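One structure is given below, encoded as structure tokens.
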Amino acid sequence: MPELPEVETVRRSLEPLLVGRTISKVWRSPLALRREKPDTRLLAKTLQGARVERVERAGKYLLMRTTQGGALIHLGMSGQLTVEKSHTEIRPHTHVRLELSRGAELRYVDPRRFGLFRPYLPDAVPNEWSALGLDPLARSFTAAVLREQLLRTSRAIKLALLDQELIAGLGNIYVSEALFLASVHPALPAKTVTAAQAARLRDAIQDVLEQGIRNRGTSLSDYVDATGESGNNQDFLKVYGRDGKPCVTCGEPVRMVVMGARSTFFCARCQKRRG
DNA sequence: AGACAAGCCTGTCCGC
DNA sequence: TGCGGACAGGCTTGTC
């Protein structure tokens, strides 16, 4: 379940393996990702013979910039982007292979195909990239700006925080963690958030994301970085997946409710609708 | 066997 | 009636 910390960990581990390298060969499976048919010609045009210049991240998206354009990449929920030796076994559900020099290749594997690997031409910035909301790690992500965004919607705050057009990068795991850390009830209507709650939430969001990055991501099922390594952050989660177990603060059993068809974990004693 | 997990898109419905 | 926002449903496969 790659969220911002996992995607950032992939970016950091990918960058030294890719930047400056030239892509000699491009292969794409015939299977569609996120309802998009593969465009092998465009992929070859933007990647084959190109040199990788940068790997950027915004929210949960990666942008691999090359001398001929590049690719917009999203890991969906089961996507893996790894650099491996060319002679190693090709795993099932491999959708993209980019041959690099020195017998290595970049592979994109995604069993559930919720992800995205879309080539783009130079100067054609993908729509998804520009539609993203606030960057929660930026200096400009202040309590006031966060509150301003939240006041615009009547949805429960948990659902609002998952909206990538409001804040880019939070997913189901880190949202539960941030709300717990900020002592805010997930069902609180976003438009009623107080200045004090917004201030706690701002800090909590940054704390959980930065901790996630320090621990190299949360590996609950299949998440790995570009070298195939799992993360450690699953050992530090305070509420997510701890249904029925005692709250680390007060001992009350952690509760699970379904919001927006997704499980939400919280402590009914520590997380209040008021204040 | 069937429910479930997840992110994001799309189609539909609701209220102003 | 029109509009935007909210929300349910669909996609997908491995795992329990």
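Assuming R0 = 51 Å, what is the FRET efficiency of A:Lys245 and A:Leu31, from their Cβ-Cβ distance, to the nearest 0.05?
That gives a FRET efficiency of 0.85.
Output wanted: per-residue J couplings in Hz (rounded whole) for the stretch A:196-201, from phi through Karplus 6.51 cos²θ - 1.76 cosθ + 1.60, θ = phi - 60°, x for Gly and Pro.
Whole-Hz 3J(HN,Hα) from phi for the stretch A:196-201: 5, 5, 5, 5, 5, 5.
Let me have the relative contact order for chain A, percent, based on Cα pairs under 8 Å that are six or more residues apart.
19
What length, rounded to one decimal in nm, is gained on full extension from A:Arg112 through to A:Thr22, with 0.36 nm per residue of separation minus their alpha-carbon distance?
Stretched fully, the A:Arg112-A:Thr22 segment lengthens by 29.5 nm.
Using only alpha-carbon positions, what ratio does the radius of gyration of the stretch A:233-275 give when scaled by 2.2 N^0.38 Å?
Compared with the compact-globule rule of thumb, the stretch A:233-275 sits at 1.16.
What is the sum of charges around A:Ala195, taking Lys and Arg as +1, Asp and Glu as -1, for the other residues whose C-beta is under 14 Å from the C-beta of A:Ala195?
Taking every Cβ under 14 Å from that of A:Ala195, the sum is +3.
Can you classify the stretch A:63-136 as rounded, prolate or oblate using the Cα gyration tensor, where a ≥ b ≥ c are the square roots of its eigenvalues, rounded means a/c under 1.5, and otherwise it's prolate if a/b beats b/c and oblate if not?
Cα axes put the stretch A:63-136 in the oblate bin.
For a Förster distance of 25 Å, can you work out the FRET efficiency between the beta-carbons of A:Glu56 and A:Leu151, rounded to the nearest 0.05?
Efficiency, rounded to the nearest 0.05: 0.25.
Take the alpha carbon atoms of the stretch A:60-120, find their center, do the same for the stretch A:138-162, and report the distance between the two centers in whole angstrom.
One Cα centre to the other: 32 Å.
Measuring from label point to label point, each 7 Å out along Cα→Cβ, what is the A:Thr40 to A:Arg274 span in nm?
Distance between label points: 6.5 nm.
Which three extents, in whole angstrom, do the alpha-carbon atoms of chain A cover along their principal axes, largest first?
Projected onto its principal axes, the Cα set of chain A covers 58, 36, 30 Å.
On full extension of the chain, what length is gained from A:Leu121 through A:Ile90, given 0.36 nm per residue of separation minus the C-alpha to C-alpha distance?
Extending this stretch completely gives an extra 8.3 nm.
Normalised by the number of residues in the stretch A:126-275, what is the relative contact order in percent for Cα pairs under 8 Å and 6+ residues apart?
23 percent.
Check A:Arg57: other-chain or 5+ apart residues with amide H under 5 Å from its amide H, H built from backbone geometry?
A:Leu63
Can you list residues from other chains, or at least 5 along the same chain, whose modelled amide H is less than 5 Å from the amide H of A:Lys25?
A:Gly49, A:Glu99
Return the ratio Rg/(2.2 N^0.38 Å) for the stretch A:4-130, where Rg is computed over Cα atoms only.
0.94
Given the pairs A:Lys37/A:Lys238; A:Lys37/A:Lys191; A:Lys37/A:Lys158; A:Lys45/A:Lys158; A:Lys85/A:Lys238; A:Lys37/A:Lys60, which are separated by over 30 angstrom at their Cα positions?
With Cα atoms farther than 30 Å apart: A:Lys37/A:Lys238; A:Lys37/A:Lys191; A:Lys37/A:Lys158; A:Lys45/A:Lys158; A:Lys85/A:Lys238.
As a test of understanding, state the convex hull volume per residue of the stretch A:143-266 from its alpha carbons, in Å³.
So the per-residue hull volume is 108 Å³.
Karplus couplings for the stretch A:127-140 from phi (6.51 cos²θ - 1.76 cosθ + 1.60, θ = phi - 60°), rounded to Hz, Gly and Pro as x?
4, 4, 5, 8, 7, 6, x, 4, 8, x, 9, 7, 4, 6
Below 8 Å, C-alpha to C-alpha, sequence gap of six or more: please give me the relative contact order for the stretch A:89-176 in percent.
For the stretch A:89-176, the relative contact order is 21 percent.
Readers should treat all values here as calculations from the given coordinates under stated rules, not as data from a laboratory. A quick note: this is a predicted structure, and the numbers were derived from the prediction, not measured. Ideal geometry is used to build each Cβ from the backbone, glycine not excepted, and the neighbour counts take in all protein chains shown.
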